[in-house]
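Student: Before we start, here is the structure in question, set down as structure tokens.
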Amino acid sequence: MDHFTFSRRAMLQSATAMGAITTLPFRAKAAVPRADLSIPVDGGTLELTALTERAVRVRFTRRPLTPILTMPDILADPGQHFPAAVVSKGAAPSLRLPALHCTFDRSSGVLSFHDAGGRLLLRETPGTRSLVDAKVRDHATMAATQGFDSAPDERLYGTGCFQDGALNLRGLPRRLTQVNTQISLPFVLSSRGYGLLWHNTGLSELNPPEGRVDLALVGYDGGASNVDVTTTNGNATVARRPAIFEGRFTVTTAGDHALLLDLGRKMTSRYHMEIDGKPLFDFANRWLPPTTSTITPLSAGEHLVRVRAESDEAPVLHFGPVRPMTQWQSPVAEAIDYVVIAGPSADEVMRGYRDLLGAVPIMPR
């Protein structure tokens, strides 16, 4: 898009911006500032808070809103609260900042975000706001989900350091976990001129596919061998035996499909997957996270998936059509919580990001 300028520096910042969290001096957590605009909606309350001249924080919770602790460093100055203009026009209350306007549509129940000139940057997808009771290891919590419309020509970058080789993340599923060399960051930079920070410190999913097939062990791919690995208890020698897993799944419509392979343990050493005999990826090293993903065209009908993995793994394939939206999901949450930063340029988005989290120190020589 003509309005969007994208420098190499901004691309690297969007992919590795976790440094802004991990390298800054720790500051005490601060209570959430008083919201500028509170909107009662079905099932809870939406709260909009201006953070800077180009950033707004959105929270949706089912419970009465009380001050909670935020993640450290969400604001460079936790005591600062940027003034915003609140406009209440019945069906469309809005929050107006110098570079960003946020409007709520009562008929659809969604928020939309526009730049100072009125151009649409981002819009929630109707019917995707979900905050439901859940349990994780017998602990009561809530699971949060929110979707956003995504045009076919939108390009999304970020989420940290992954080994799948993907640059444009539109429609791509990713499980955001910290595993050895994989550094995950719930932030994306859009070619439409905005950035979005999914404000959740735990496990999160980007574009999780709805379909699932558990793969069964059907044979072995050679004999066992001993491999030297590094564990939390130091160096160790483990026995590994390559195996072949298979399963079948059906898609109802032809087109691009999002695939996420989960090998079922904390770390793995190889990604090898074929669909109908066609290899989709074959990549190996000793420091691989348990999940990887891709997008591939599939015809309607049944498909055979084959995975080569270690015999003690339990591969699962998640699959589904690429949808015209970007969806965020967290299995542990107390609210839907995200921050939108307006550009329009990539450098302006990243400057807004630094205004929230602080500048990253220069690396030592």
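The values are calculated or read from the model by the stated rules, or taken from the named source; none is laboratory data. This structure is a prediction, so every number in the text was calculated from the model and none was measured. Using ideal geometry, Cβ is built from the backbone for each residue, glycine included, and neighbour counts are taken over all protein chains shown. Protein only, heavy atoms only, side chains kept; ligands, DNA and RNA dropped before computing areas. Shrake-Rupley method; radii C 1.70, N 1.55, O 1.52, S 1.80 Å.
Student: Sequence neighbours fewer than 8 away in the same chain don't count; with that in mind, list the aspartates and glutamates whose C-alpha is under 20 Å from K135.
Tutor: Leaving aside aspartates and glutamates fewer than 8 places away in the same chain, those within reach of K135 are E205, E210, E334, D337.
Student: What's the center-to-center distance, using Cα atoms, between region 194-210 and region 251-277 in Å?
Tutor: 20 Å
Student: Sort 295-302, 319-326, 349-356 by the packing proxy (mean of other Cβ within 10 Å over each peptide's residues), most packed first. Don't skip to the end; give the middle numbers.
Tutor: Numbers: 295-302: 12.9, 319-326: 18.9, 349-356: 21.4.
Listed from highest to lowest mean packing, they are 349-356, 319-326, 295-302.
Student: A further question on this structure: Where only protein heavy atoms count, and the probe is 1.4 Å, what is the accessible area per residue for region 92-232 in Å²?
Tutor: Working: 6130 Å² over 141 residues.
On a per-residue basis, region 92-232 sits at 43 Å².
Student: Could you tell me what percent of the accessible area of region 101-169 is made up of carbon and sulfur, with a 1.4 Å probe and every protein chain present? Display every interim value, and only then the final one.
Tutor: On the way: 1630 of 3200 Å².
Carbon and sulfur: 51 percent of the exposed surface of region 101-169.
Student: Keeping every protein chain present and rolling a 1.4 Å probe, give me the accessible area per residue for region 264-365 in Å².
Tutor: Numbers: 4580 Å² over 102 residues.
Spelled out: the 1.4 Å probe surface of region 264-365, per residue, equals 45 Å².
Student: I've got another one for you. Cut-off under 13 Å on the C-alpha distance; same-chain residues fewer than 8 positions from K89 excluded. Which aspartates and glutamates are left, in chain and number order?
Tutor: The qualifying aspartates and glutamates are D105.
Student: Quickly rank 120-129, 257-266 as a protection proxy: mean count of other C-beta atoms within 10 Å, highest first. Spell out each step's value before the answer.
Tutor: On the way: 120-129: 17.7, 257-266: 20.3.
Answer by packing, highest mean first, reads 257-266, 120-129.
Student: Classify region 84-189 from the C-alpha gyration tensor, please: rounded if a/c falls under 1.5, else prolate or oblate depending on whether a/b exceeds b/c. Write down the numbers at each step before the final one.
Tutor: Values: a/c = 2.34, a/b = 1.41, b/c = 1.67.
Judged from the Cα gyration tensor, region 84-189 comes out oblate (a/c at least 1.5, b/c at or above a/b).
Student: With contacts defined as alpha carbon pairs under 8 Å and 6 or more residues apart, what's the relative contact order of region 272-365 in percent?
Tutor: Values: 42 pairs, mean separation 19.5, N = 94.
This gives 21 percent for region 272-365.
Student: Roughly how many percent of the accessible protein surface of region 264-365 is carbon and sulfur, given a 1.4 Å probe and a whole-percent answer?
Tutor: Numbers: 2590 of 4580 Å².
So the carbon and sulfur contribution to the accessible surface is 56 percent.
Student: With θ set to phi - 60° and the Karplus curve 6.51 cos²θ - 1.76 cosθ + 1.60, what are the ³J(HN,Hα) couplings of region 358-363 in order, to the nearest whole Hz, using x for Gly and Pro?
Tutor: So the J values, rounded to whole Hz, are x, 6, 7, x, 5, 5.
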